[in-house]
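Trainee: Below you'll find the structure I mean.
Readers should treat all values here as calculations from the given coordinates under stated rules, not as data from a laboratory. Bear in mind the structure is a predicted one, so any value in this text is a computation, not a measurement. For neighbour counting, all protein chains shown are included, and Cβ atoms are generated from backbone atoms with ideal geometry for every residue, glycine included.
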Amino acid sequence: MKTDVLFLECPSAELLVGRPAILGCALDMTSTFRGGSGEAPNAIRAASDSVETYSSLLDRDLSDHPFADLGDVALSGISIDAALVAIENAVAEILRRGGFPLCLGGEHTVTLPIVKALKAVHKEFVVLHLDAHTDLRDSYEGSYVNHATVMRRIVDLIGPGSLLQLGVRSGTREEFAWMRANGTLIQWTPGSEKNLLNRIDSRPVYLTLDLDVLDPSEFPGTGNPEAGGWSYRDLERLLLVLQNVPLIGSDVVELIPALDPSHIATIAASKIVR
């Protein structure tokens, strides 16, 4: 699982107990429009060389918050089912050893095995889903497990009351009806911070961030861009709101470096991970 490139001044390639552990999940097997997300984990690592360790937004510095970069899960040459099991096992090992997973995709399907591993450890938690797309189809192109069904499969595990969705602006009529019926979609408008925190209540949160939640004018390097998205400032506002929320893990998915010749999106992804 090692890589020659580690994320921004990473102090350790071995897991640190009680600290975040970056794990590359370079899955790119079910993409249906534009592929290439499997190149994202190492592109994010390489681009992090241009990012400061200090976050002026949070007034924190990575030098004061040690973390590990464990490299990528070995997925080459195996089936989608085997790949999902490998990711689940890798995340389960991080949790078993007292770490916190921060996973770099890859396509959004990687969130399913991560949540499976978390479900074995945490009795109840919220999945906070940031995305341009609903990802709530029951099946897509003859498959029940893929980037378009991932949140429906996660709901099968945690129930609709533990899913909150932000930034969604594309999906089928049936998916939007499902979100309205189950109250999962929250509009991210000024003043909605209190509503989000009330919905989370005191529960721990797993944050899954599909980077296409951002408007393609700010984040062009993704497979299924959707106009009308968040600004980077919208995302920063959310990060500030989540400062005191107990996070149990996160993923950042759906960057496609090949669609980002200027590296604007890749550097933004690195800053988000930081």
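Trainee: Across region 200-221, what is the number of residues that are assigned to a strand (DSSP E or B), among the aliphatic types (A, V, I, L, M), touching a residue at least 60 places away in the same chain (Cβ under 8 Å) and surrounded by 24 or more Cβ atoms within 10 Å (Cβ to Cβ)?
Mentor: Summing the residues that are assigned to a strand (DSSP E or B), among the aliphatic types (A, V, I, L, M), touching a residue at least 60 places away in the same chain (Cβ under 8 Å) and surrounded by 24 or more Cβ atoms within 10 Å (Cβ to Cβ) in region 200-221 gives 1.
Trainee: Restricting attention to region 161-184, does a residue exist that is free of Cβ contacts under 8 Å to residues at least 24 places away in the same chain and surrounded by 15 or more Cβ atoms within 10 Å (Cβ to Cβ)?
Mentor: Yes, region 161-184 contains a residue that is free of Cβ contacts under 8 Å to residues at least 24 places away in the same chain and surrounded by 15 or more Cβ atoms within 10 Å (Cβ to Cβ).
Trainee: Sort out which residues of region 261-274 are over 18 Å from Cys103 (Cβ atoms) and touching a residue at least 60 places away in the same chain (Cβ under 8 Å), and write them in order of number.
Mentor: Across region 261-274, the qualifying residues are His263, Ile267.
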